[in-house]
Every structure is written in C-alpha cells, then in structure tokens.
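Worksheet: one structure, shown below.
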Amino acid sequence: EYMGTLFLVDHKSMMAAALPHSQFEVAASIPVGEDVDSFTSLSWSPDYADQFCAGSWDGKVLCWEVCESSESRFLGSAQLDAPVLSTCWSMESTSVFAGLAGRSPAGVEGSHNAVMWDLHTGATRVVASHDAPIKEIMFCPEVSALVTGSWDRSLRFWDVRAPARCSVSLQLPERCYALDASWPLMVVACADRHVVTFDLQKLVAPTSESLTEAPSDAALNPQFSHCKSPLKLQTRCVAVQPQTRSAYAIGSIEGRVAHVTDLGDGAASTPTRFFKCHRVGEALFAVNSLAFNRDPSRRGMLASCGSDGLVAFWDIEKLVGLYNLERKAESIVAGKFNAPGDLFAYAVSYDWHRGPQNYAAPASIYVHPIGK
C-alpha cells in the first residue's frame with residue numbers, strides 16, 4: 001500500500017548548496033523486506049518534482065520522495081506477479097503504470113499486461129495487454145492515452161478509463177526495444193536496428209483532444225519515417241530532444257551515441273554527429289539509458305548511463321562532455337531527469353550481460369542534484 005500523501009517539497013536550498021558532482025543514495029531507505037532483485041526502469045512524477053518510482057525484475061514497483069538536506073523517504077511499493085520492464089506516471093500523478101513480461105492478476109490468460117497501481121488506494125488493475133512482453137510504456141498527455149511498445153511488434157494506445165480498451169494499434173517492423181516522445185515527435189527503436197518515427201498530431205481528431213478511432217493501420221498512419229539506425233550494432237536506448245520537433249539521440253551496445261536531426265525516410269537517417277562513450281580501454285560497454293534535460297535553460301544537456309558503471313553528462317549542441325559521476329561497481333541500468341531538470345536519478349544494478357553466474361546484489365538508486 002502506498003504510504004503518505006502526495007505533496008511538493010521546495011528543495012531549491014538543496015540545489016543551491018549542491019556540489020557539482022554530489023549525490024546521495026535513495027535505495028538505502030528501503031525498509032527491511034523490500035529488497036529488490038535488479039532494477040529495470042525509473043520514472044519521475046510529472047507534477048511532483050520530488051517523487052519518482054522504479055520497477056524491478058522481481059515484479060516490484062517502488063516509490064520515493066526526495067526531501068530537503070539530500071535525504072529521501074520511501075513511500076511504498078506494489079508487488080506484481082511478473083517482471084516489470086518499464087514504468088510511467090499518470091497525467092495527474094495519482095497512479096503508476098507498469099509494463100510486464102508476463103501475466104498479472106486478473107489479466108487475460110496467456111497475455112502480457114500493463115497494470116495501473118493507484119497510489120492512494122493501493123489497488124491494481126490491468127489496463128493493457130500484448131502477446132509478448134511490454135518493453136516500453138509511457139503516458140502521452142497530449143492524446144490522453146497510455147502508449148505501450150511490445151516484443152509482439154506492435155505499438156498500442158490505450159484509454160485507461162476503460163478496462164483494456166485499445167484505441168489505436170500500429171504495426172512495428174520488429175520488436176520494440178525503446179521509445180521516447182516529446183510532442184509531437186515519437187521515436188520507437190526496434191530490433192534489427194529499425195527506427196520508426198511518428199507524428200502524434202495525426203492521432204488527434206481536429207475537433208477533439210482524444211485519439212482518433214481507427215479500424216486499421218491503413219485508415220490511420222501517423223508514421224513519419226522508417227529507417228535503420230546509423231549505429232552499427234544493436235540499439236539499446238533512445239531519447240527525443242525537447243524544444244525540437246525533429247531531433248533525437250540513440251545509443252547502442254557498442255559504446256556509441258548518435259545525435260539524429262534528419263528524419264527523412266530512406267536507408268538511414270543522417271546524424272549530425274556521433275560520439276564515443278562508456279569505453280574502458282579496448283572494452284566497449286552498452287549505453288543502457290539516454291535522457292535529455294527538459295529545462296529550457298539547460299537546453300541540449302544529455303545524460304548517458306552505461307554498463308561500465310558510469311553516468312556521463314554531455315552538451316549535445318556543442319558535443320562536449322560536461323562531467324562524469326563517480327564510477328559504480330555495477331551497471332547503470334536506467335537514469336532520468338525530473339520535470340524541472342534539477343534532479344537526476346539513476347539505478348545501479350546487475351544487467352546480466354556477464355551471465356547469471358556473476359550476479360551481484362544489492363541494487364541501489366542514487367539522486368544527483370543538477371547545478372546551474
């Protein structure tokens with residue numbers, strides 16, 4: 001059950017006093033018995049700048065509140081019956097959605113579900129389903145819909161007010177590995193290096209703020225472009241650059257990121273530039289997560305998280321490294337900026353790339369205040 005009420009803490013004094021590379025551990029505040037296997041995802045509340053949640057391989061969704069004086073408070077958790085691959089918040093920040101790799105309680109037999117966890121009542125219910133694990137999930141407030149990307153090669157938009165009501169279903173060229181959006185651009189990165197971009201404005205009826213009903217993909221085609229990633233190896237993450245309508249960053253398992261600005265259809269989009277990252281000597285590590293800072297005063301600030309245990313901050317406009325945080329012993333599996341852009345949370349967990357025989361526990365979450 002979710003503990004405590006939602007409220008916003010004014011932590012400007014904490015930001016002003018923060019050292020450039022300061023950070024504090026959040027997962028240390030988890031009560032005994034709430035230990036997790038490995039984290040899979042992080043997401044911040046859109047309305048409360050100090051609250052975020054994380055999902056884990058052992059089916060948990062956990063919530064924290066960042067308080068003043070670089071402290072945190074554990075708010076509660078939900079135990080689901082399948083691994084949580086992704087999480088996001090509702091538009092009002094009253095619920096958390098979780099995309100699962102398996103069947104959840106009250107779900108459709110044989111399906112892989114997305115569950116909504118009500119933070120005030122603690123109740124959970126199924127709001128979406130796919131024929132394969134739901135790798136990515138996000139709430140799109142502009143169309144008032146939950147978006148799910150699955151390994152069943154589909155991208156679906158759901159009206160969460162009704163039980164498992166799919167408004168739009170779009171076919172993807174391959175399994176969904178990553179997705180991100182900043183109105184009106186949505187980018188979906190798939191297996192075999194496929195990248196599909198969508199114009200979300202085409203999903204909205206001219207006289208409505210809700211999704212257009214479409215009986216088939218042919219009746220509604222918001223796809224803007226389809227190309228192969230400019231990176232040579234498997235895609236791991238993608239982040240759409242805010243304050244733009246046509247730019248995104250994409251990362252792969254080869255320790256490399258591309259900043260793409262040309263969304264023209266064809267064999268490959270044209271990246272403005274590449275840069276190498278998350279490499280130790282000759283060893284190349286996966287870029288597990290990319291996130292742009294949405295604060296206009298920090299335009300172009302990009303964070304990358306790698307399997308080398310490093311969080312790096314970049315100025316994507318100038319293509320220069322800003323600074324790195326202290327390297328951790330295990331992989332950084334996820335990282336996100338909060339809505340105002342003054343806090344960055346990241347999860348340290350074993351990411352299984354060295355096999356189950358090298359599993360290391362426990363998992364941890366840290367918060368880094370972003371200086372001006």
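The table below gives the values:
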| read-out | value |
| --- | --- |
| Set 364, 297: member being over 21 Å from residue 64 (Cα atoms), surrounded by fewer than 20 Cβ atoms within 10 Å (Cβ to Cβ) and among the hydroxyl-bearing types (Ser, Thr, Tyr) | 297 |
| Residue 351 vs. criteria closer than 17 Å to residue 178 by Cβ and either in a loop (DSSP other than H, G, I, E, B) or at pLDDT below 95 (or both) | yes |
| Set 128, 145, 132: member being open to solvent by less than 10 Å² (accessible area, probe 1.4 Å), closer than 25 Å to residue 225 by Cα, under 21 Å from the mean Cα position of the chain (by Cα) and among the aliphatic types (A, V, I, L, M) | 145 |
| Members of the stretch 307-331 found to be within 26 Å of residue 296 (Cα to Cα) and either in contact with a Gly (Cβ under 8 Å, 6 or more places away or on another chain) or outside any strand (DSSP E or B) (or both), listed by number | 310, 311, 312, 313, 314, 315, 316, 317, 318, 319, 325 |
| Test for residue 228: is it modelled with pLDDT under 95, touching a helix residue (DSSP H, G or I) at 6+ places or on another chain (Cβ under 7 Å) and not small (Gly, Ala, Ser) | yes |
| Criterion (modelled with pLDDT under 85, in contact with a Lys or Arg (Cβ under 9 Å, 6 or more places away or on another chain) and open to solvent by 30 Å² or more (accessible area, probe 1.4 Å)) met by exactly one of 33, 110 | 110 |
| Residue 280 vs. criteria within 29 Å of residue 360 (Cβ to Cβ), out of contact with any Ser or Thr (no Cβ under 7 Å at 6 or more places or on another chain) and among the aliphatic types (A, V, I, L, M) | yes |
| Members of the stretch 332-361 that are open to solvent by 40 Å² or more (accessible area, probe 1.4 Å) and under 15 Å from the mean Cα position of the chain (by Cα) | 336, 339 |
| Among the candidates 92, 65, residue that is closer than 22 Å to residue 140 by Cα, charged (D, E, K, R) and modelled with pLDDT of 90 or more | 92 |
| Selection status of residue 345, aliphatic (A, V, I, L, M) and within 25 Å of residue 189 (Cα to Cα) | yes |
| Inter-residue pairs, beta-carbon under 6 Å, first more than 17 Å from residue 178 (Cβ to Cβ) and in a strand (DSSP E or B) and in the stretch 85-99, second open to solvent by 10 Å² or more (accessible area, probe 1.4 Å) and among the acidic types (Asp, Glu), 6+ apart | 95/118 |
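Matching residues to (1) open to solvent by less than 20 Å² (accessible area, probe 1.4 Å); (2) under 28 Å from residue 352 (Cβ atoms):
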position	(1), (2)
62	yes, yes
76	yes, yes
90	yes, no
98	yes, yes
122	no, no
156	no, yes
165	no, no
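The values are calculated or read from the model by the stated rules, or taken from the named source; none is laboratory data. The structure presented is a predicted model; accordingly, all values stated were derived computationally and were not measured. Note that we place each Cβ from the backbone using ideal geometry, even for glycine, and neighbour counts take in every protein chain shown. Quick note on the areas: whole protein, heavy atoms, side chains included, nothing else; ligands and nucleic acids left out. Shrake-Rupley method; radii C 1.70, N 1.55, O 1.52, S 1.80 Å.
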